[in-house]
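Colleague: Questions regarding the structure given below will be posed in turn.
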Amino acid sequence: MENTLEEIRTLAQKKRAVILAHNYQVREVQEIADFVGDSLELSRKAKSTDAEIIVFAGVRFMAETAKILNPEKKVLLPRSEAGCQMAEMVNAEAVRRLRKEYPDAAFVAYVNTDAEVKAEVDVCCTSSNAVRVVAAQPNKRIVFLPDRNLASWVARQLPEKEIIPYDGYCYVHNRFNVEEVRLARERHPEAEILVHPEVPAPVSLLADKVLSTSGMLEYARTSPKSRFIIGTEEGILVRLLKENPKKAFFLLGSVKVCANMKRTSLKDILISLKEERHAVELPEELRKRASLALEKMISL
Ligand code: 13P
Ligand code: SF4
């Protein structure tokens, strides 16, 4: 493993490459990355980097977002099959159909979507800025897609808006349930429960805080509390434990794993850098249209 690490570092330096990793990646990948973060932080980083190559250790929509924001850079997704099941639940045709049904609505898409969906909507959002983005829309009516759980959480924060949710969900977060919350409270009554907004509404209603992955990291770091129950994909524990060696973290219920987030290994990163595979390519016309909704989000 030491050899692989060394080879990655040398190659990345030689090729002026930056390695970005999502908070759910496996430990070794998080450790070799130049930057680890949530979707919004990673989009921002991808936009501001002066590296020539971006190796994206995450899932396809994240690498695609980096490419949309950085057309002149080479963006590599080490495992080309690492998709997001939620992103696959909606396509451009569905958005066009809804546009006809709700002509007076603003269309807000979670970044967990393909470029073709981003190209059809008014603005994108991530779990950390969804409320801000929706609040900033002049329309009362908002079609929010694809995550019904994030939509429902946003609707609770903004009762003045009429949120029309799409019926998508994350198969990982959708598995959290209220019985897991009840048991966790019973076992650790002193701990705070932090959940991701992709969990079902009855679960987020019972939680103490609803936060993006990096929102959880920030909260745990700055909170005077010392025990937390975490309701998201288990990869987040790598940073939670590293950044808070004196605090205790328990997973909410059974261990939840996103199979696609766990595909990328150090070896994949090395091969990807060596052979410059798999480069994300998008038709320029599509990229340009998709960039409007992303740039709008970033400017907010
Ligand atoms: P974050 O932006 O909170 O990291 O979430 C991304 C994601 O895919 C959650 O399932
Ligand atoms: Fe997609 Fe869910 Fe995996 Fe996040 S955890 S990448 S939303 S399938």
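The values are calculated or read from the model by the stated rules, or taken from the named source; none is laboratory data. Predicted model, so just to flag it, every value in this text is computed and none were measured. Neighbour counts run over all protein chains shown; Cβ positions are idealised from the backbone, glycine included.
Colleague: Examine segment 1-16 for a residue that is in contact (Cβ under 8 Å) with a residue 40 or more places away in the chain and part of a strand (DSSP E or B), and state whether such a residue exists.
Modeller: no
Colleague: Return the pair list, or none, for Cβ contacts closer than 7 Å from residues in segment 226-244 that are within 16 Å of Ala184 (Cβ to Cβ) to residues that are part of a loop (DSSP other than H, G, I, E, B) and among the small types (Gly, Ala, Ser), at least 6 apart or on different chains.
Modeller: Arg227/Ala191; Phe228/Ala191; Ile229/Ala191; Gly231/Ala207
Colleague: Show the residue pairs that are 6+ apart or on different chains and have beta-carbon atoms under 6 Å apart, the first residue being within segment 192-215 and closer than 10 Å to Gly231 by Cβ, the second being more than 14 Å from ligand 1 (Cβ to nearest atom) and aromatic (Phe, Trp, Tyr).
Modeller: Between residues of segment 192-215 that are closer than 10 Å to Gly231 by Cβ and residues that are more than 14 Å from ligand 1 (Cβ to nearest atom) and aromatic (Phe, Trp, Tyr), the close pairs are Leu194/Phe228.
Matching residues to (1) among the small types (Gly, Ala, Ser); (2) modelled with pLDDT of 95 or more; (3) touching a Ser or Thr at 6+ places or on another chain (Cβ under 8 Å); (4) more than 15 Å from ligand 1 (Cβ to nearest atom):
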{"residue": "Glu7", "(1), (2), (3), (4)": "no, yes, no, yes"}
{"residue": "Gln13", "(1), (2), (3), (4)": "no, yes, no, yes"}
{"residue": "Gln30", "(1), (2), (3), (4)": "no, yes, no, no"}
{"residue": "Asp34", "(1), (2), (3), (4)": "no, yes, no, yes"}
{"residue": "Ser39", "(1), (2), (3), (4)": "yes, no, yes, no"}
{"residue": "Ala46", "(1), (2), (3), (4)": "yes, no, yes, no"}
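Colleague: Can Phe107 be described as in a helix (DSSP H, G or I), among the aromatic types (Phe, Trp, Tyr) and either at negative phi or free of Cβ contacts under 8 Å to residues at least 12 places away in the same chain (or both)?
Modeller: Numbers: in a helix (DSSP H, G or I): no; among the aromatic types (Phe, Trp, Tyr): yes; either at negative phi or free of Cβ contacts under 8 Å to residues at least 12 places away in the same chain (or both): yes.
It is false that Phe107 is in a helix (DSSP H, G or I), among the aromatic types (Phe, Trp, Tyr) and either at negative phi or free of Cβ contacts under 8 Å to residues at least 12 places away in the same chain (or both).
Colleague: If Glu28 passes every condition in (1) in contact (Cβ under 8 Å) with a residue 60 or more places away in the chain; (2) farther than 19 Å from Ala279 by Cβ; (3) among the acidic types (Asp, Glu); (4) part of a loop (DSSP other than H, G, I, E, B) but one, which one does it miss?
Modeller: Glu28 satisfies every listed condition except (4).
Colleague: Additional query: Any residue in segment 242-249 that is assigned to a helix (DSSP H, G or I) and exposed (fewer than 14 other Cβ atoms within 10 Å of the Cβ)? If you could, list the steps in order and put the result at the bottom.
Modeller: The initial filter retains those residues of segment 242-249 that are assigned to a helix (DSSP H, G or I), namely 242-243.
Cutting the leftovers down to exposed (fewer than 14 other Cβ atoms within 10 Å of the Cβ) gives us 242-243.
Yes, there is a match, as at least one residue in segment 242-249 is assigned to a helix (DSSP H, G or I) and exposed (fewer than 14 other Cβ atoms within 10 Å of the Cβ).
Colleague: Among the residues of segment 40-56, are any β-branched (Val, Ile, Thr), within 16 Å of ligand 2 (Cβ to nearest atom), buried (at least 19 other Cβ atoms within 10 Å of the Cβ) and touching a residue at least 60 places away in the same chain (Cβ under 8 Å)?
Modeller: No: segment 40-56 contains no residue that is β-branched (Val, Ile, Thr), within 16 Å of ligand 2 (Cβ to nearest atom), buried (at least 19 other Cβ atoms within 10 Å of the Cβ) and touching a residue at least 60 places away in the same chain (Cβ under 8 Å).
Colleague: Moving on to the next point. Sort out which residues of segment 110-135 are farther than 20 Å from Pro159 by Cβ and either charged (D, E, K, R) or assigned to a strand (DSSP E or B) (or both), and write them in order of number.
Modeller: Answer for segment 110-135, where residues must be farther than 20 Å from Pro159 by Cβ and either charged (D, E, K, R) or assigned to a strand (DSSP E or B) (or both): Tyr110, Asp114, Glu116, Lys118, Glu120, Asp122, Val123, Cys124.
Colleague: Tally time: how many residues in segment 134-144 are in contact with a helix residue (DSSP H, G or I) (Cβ under 6 Å, 6 or more places away or on another chain) and either surrounded by fewer than 20 Cβ atoms within 10 Å (Cβ to Cβ) or under 18 Å from Gly215 (Cβ atoms) (or both)?
Modeller: Of the residues in that region, 1 qualify.
Colleague: In segment 67-121, what count of residues is obtained for those that are surrounded by fewer than 24 Cβ atoms within 10 Å (Cβ to Cβ), more than 23 Å from Tyr166 (Cβ to Cβ) and charged (D, E, K, R)?
Modeller: Qualifying residue count for the region: 5.
Colleague: I'm trying to understand the selection: among the residues of segment 251-274, which are more than 16 Å from ligand 1 (Cβ to nearest atom), part of a loop (DSSP other than H, G, I, E, B) and farther than 24 Å from Val203 by Cα?
Modeller: Passing the criteria: only Ser265.
Colleague: Return the residue satisfying two criteria in turn: it lies in segment 71-93 and is within 16 Å of ligand 1 (Cβ to nearest atom) and assigned to a loop (DSSP other than H, G, I, E, B), and of such residues it is nearest to Ala293 (Cα to Cα).
Modeller: Looking at the filtered set, the residue picked out is Val90.
Colleague: Just the residues that are in contact with a Phe, Trp or Tyr (Cβ under 7 Å, 6 or more places away or on another chain), part of a loop (DSSP other than H, G, I, E, B) and surrounded by fewer than 18 Cβ atoms within 10 Å (Cβ to Cβ), please, taken from segment 145-190.
Modeller: Within segment 145-190, just His188 meets the criteria.
For every residue, the table says whether it meets (1) of a type outside the set (A, V, I, L, M, F, W, C); (2) within 13 Å of ligand 1 (Cβ to nearest atom).
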{"position": "Pro197", "(1), (2)": "yes, yes"}
{"position": "Ala201", "(1), (2)": "no, no"}
{"position": "Leu206", "(1), (2)": "no, no"}
{"position": "Val210", "(1), (2)": "no, yes"}
{"position": "Lys225", "(1), (2)": "yes, no"}
{"position": "Pro245", "(1), (2)": "yes, no"}
{"position": "Phe249", "(1), (2)": "no, no"}
